[in-house]
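A short worksheet on the structure shown next.
No lab work stands behind these numbers, since they all come straight from the coordinates. What you see is a predicted model, and the numbers here were worked out from it, not measured in a lab. Virtual Cβ from ideal backbone geometry, glycine too; neighbours counted across all protein chains shown.
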Protein chains: 2
Amino acid sequence: MKLNELGEDAVVGRLIKLLRVDNRVKLRAGDDCAVVRNADKLQLLKSDCIIEGVHFLPDANPKDVGWKALCRSISDIAAMGGKPLDALVTVALPRELEFDWVKQLYLGLRKAAHEFGVNLVGGETAKSPGPIFISVSLTGDVIDGKYVTRAGGKDGDWLFVTGSLGGAFNGRHLRFHPRVEHARWLVEGYPIHAMMDLSDGLASDLPRMAAAGGLGFDIDLGSIPRTPWFRLENALYDGEDYELLFAVPDSAKACLEGAWKEKFPSLRLTAIGKLVKAGQRKFAAKGYDHFA
Amino acid sequence: MKLNELGEDAVVGRLIKLLRVDNRVKLRAGDDCAVVRNADKLQLLKSDCIIEGVHFLPDANPKDVGWKALCRSISDIAAMGGKPLDALVTVALPRELEFDWVKQLYLGLRKAAHEFGVNLVGGETAKSPGPIFISVSLTGDVIDGKYVTRAGGKDGDWLFVTGSLGGAFNGRHLRFHPRVEHARWLVEGYPIHAMMDLSDGLASDLPRMAAAGGLGFDIDLGSIPRTPWFRLENALYDGEDYELLFAVPDSAKACLEGAWKEKFPSLRLTAIGKLVKAGQRKFAAKGYDHFA
């Protein structure tokens with residue numbers, strides 16, 4: 001069976017079963033990051049990659065490409081309530097590439113590292129006969145065991161999204177801001193049952209979060225916050241929004257909404273619906289599939 | 001200037017200057033691993049990648065490819081005297097690839113993980129229009145701050161290599177055994193001034209180690225241990241031996257050689273010459289260059 005016949009979720013699901021873990025590992029792939037116990041502290045581990053022609057176009061500004069390469073992993077660390085720490089960057093590059101392109105790439109990586117307090121500590125360079133490939137691995141910290149997974153949602157929890165969704169392909173996917181500060185504020189002050197970042201589009205990611213908790217969902221399509229000039233379809237299916245999707249109990253909703261407005265007046269927070277008993281799915285999932 | 005005009009060491013040298021580190025970072029790229037302080041403990045961080053058509057041929061056994069992908073990073077952790085811990089695997093795959101190929105790849109990764117006590121905790125899968133690409137990130141532990149770099153060699157130190165060199169392209173490069181146990185035994189019991197693993201060939205790697213310590217070297221070419229049926233040229237230039245190269249003071253030489261024979265009777269240990277004052281280089285370095 002070929003990868004595109006199986007589809008991304010099936011491929012990932014099968015590969016997860018082939019991982020190897022001992023009891024130091026609290027959580028492995030399937031969530032945004034792995035969680036391991038290290039020196040009596042929990043550590044988040046994440047790797048991610050972007051590929052020329054898939055995640056960025058050949059004429060993209062290399063500085064933006066570097067920003068995106070690091071910020072994708074930062075967004076995953078953030079989605080678990082973590083603080084990003086140390087990054088390794090592996091690049092596979094055509095031999096004919098101009099050094100200046102690589103330098104600009106690194107300047108973009110540095111800019112993101114500086115913005116989010118990340119160390120760029122090393123990596124690897126390799127020549128490649130194929131497209132430019134950039135892989136970033138990132139470690140992260142969590143406070144007092146307070147990390148949040150996709151799986152903890154409960155029947156009746158409110159679902160929130162930050163910012164607005166859709167239209168990322170229009171250049172936004174290269175210049176997004178991971179919600180590190182917002183996610184930590186949420187995790188420290190509120191009973192966040194489940195959280196993830198929206199990378200493949202709400203229509204793909206929400207069903208994943210619901211399924212991880214053995215739940216369904218009931219969404220008010222009209223309430224989904226859309227990027228100006230874009231349609232509902234874009235908000236559901238475009239992907240690469242890198243906004244937070246999270247679930248909180250009804251009891252915390254009003255208080256959270258009030259405090260958010262004071263703390264982050266410039267970033268929208270929208271209740272889009274609820275997690276409900278398994279079986280109910282308010283919209284069909286046909287979002288971006290990595291192998292389709 | 002294009003990457004192949006600059007050459008690998010110049011590219012890496014320039015990129016290292018573009019990294020971003022704070023005072024938690026003890027050591028960054030240029031050595032085999034980065035070293036960071038984490039929860040009052042030192043942690044090693046390493047990433048590496050292998051690419052179809054560069055590091056393995058399309059018809060290679062995918063299980064061997066998985067073994068190699070993880071063992072390369074394990075070898076780097078070993079080369080600093082560390083214990084490998086947790087690995088993330090990022091793969092970029094053509095959509096038309098058979099799932100079974102990926103499964104065999106993961107079985108090879110698992111086999112290496114099991115052999116060296118590593119956790120495979122997660123990673124990323126992406127589709128790619130290019131060749132198969134596998135990137136591995138690995139964390140490692142060091143005991144009591146006892147890690148060894150390439151840079152600590154002193155004038156007059158003896159240079160040793162483990163095993164035999166050359167002929168790796170003949171299939172050996174897919175099935176090598178990182179010298180984890182040997183390296184830890186060395187670091188725990190002996191004053192190892194400098195150490196690295198031989199990945200690009202002695203003719204490239206030895207000058208790097210000497211230069212890192214501001215030194216030259218004086219090698220007895222006849223003493224270099226060669227893989228049976230292979231020539232001195234192979235031992236110097238083939239690369240991908242993944243044996244250890246290390247430097248110890250003259251005072252420790254005899255004792256180390258005796259103890260090694262008892263501890264590791266099946267693996268050769270050979271003194272090939274000495275580190276000397278800067279300037280002297282007994283052979284010309286024209287080994288494998290990643291961008292040539």
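Table for the structure above
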quantity	calculated
Calculated from backbone phi, Karplus (6.51, -1.76, 1.60) coupling profile of the stretch A:40-53 in Hz, x at Gly/Pro	6, 10, 8, 10, 8, 10, 9, 10, 7, 9, 10, 10, 4, x
Proxy reagent accessibility, fewest Cβ within 10 Å first, across A:1, B:195	A:1, B:195
Tilt relative to chain B, helix B:62-79 - C-alpha long axis, 0 to 90 degrees, to 10	40
Label-to-label distance, nm, for residues given as residue A:263 and residue B:37 (7 Å Cα→Cβ offset)	3.0
Label-reachable residues, the stretch B:192-236, where backbone N falls under 13 Å from a point 7 Å from residue B:251's Cα toward its Cβ	B:192
Exam field: residue B:129 pseudo-label spacings to other copies (7 Å along Cα-Cβ), nanometres	1.8
Cα-based helix-to-principal-axis angle, A:202-212 vs chain A, degrees rounded to 10	70
For the stretch B:215-223, Karplus couplings with θ = phi - 60° (6.51, -1.76, 1.60), whole Hz, Gly/Pro x	10, x, 8, 9, 10, 8, 4, x, 8
Flagged links, alpha-carbon separation over 28 Å, of A:127/B:154; B:68/B:154; A:127/B:261; A:154/B:46; B:146/B:277	A:127/B:154; B:68/B:154; A:127/B:261; A:154/B:46
Qualifying GluC sites (Glu not before Pro) in the stretch B:75-120, DSSP loop, other Cβ atoms within 10 Å at most 14	B:96
Amide H contacts of residue B:276 (H built 1.01 Å from N, under 5 Å, at least 5 apart or other chain)	B:156, B:216, B:217, B:218
Exposure proxy ranking, count of Cβ atoms within 10 Å, fewest first, for B:251, B:204, A:73	B:251, B:204, A:73
Order of A:128, A:47, B:135 - criterion: other Cβ atoms within 10 Å of each residue's Cβ, fewest first	A:128, A:47, B:135
Under 5 Å, built H, 5+ apart or other chain: amide partners of residue A:165	A:226, A:227
Neighbouring partner chain Cβ atoms per residue of B:74-86, average, 10 Å criterion	1
Where rotation carries B onto A, the chain B residue whose Cβ is nearest that axis, in whole Å	B:130, 1
Normalised alpha carbon radius of gyration of the stretch B:171-292 [divisor 2.2 N^0.38 Å]	1.05
Degrees, to the nearest 10: A:180-189 long Cα axis against longest axis of chain A	30
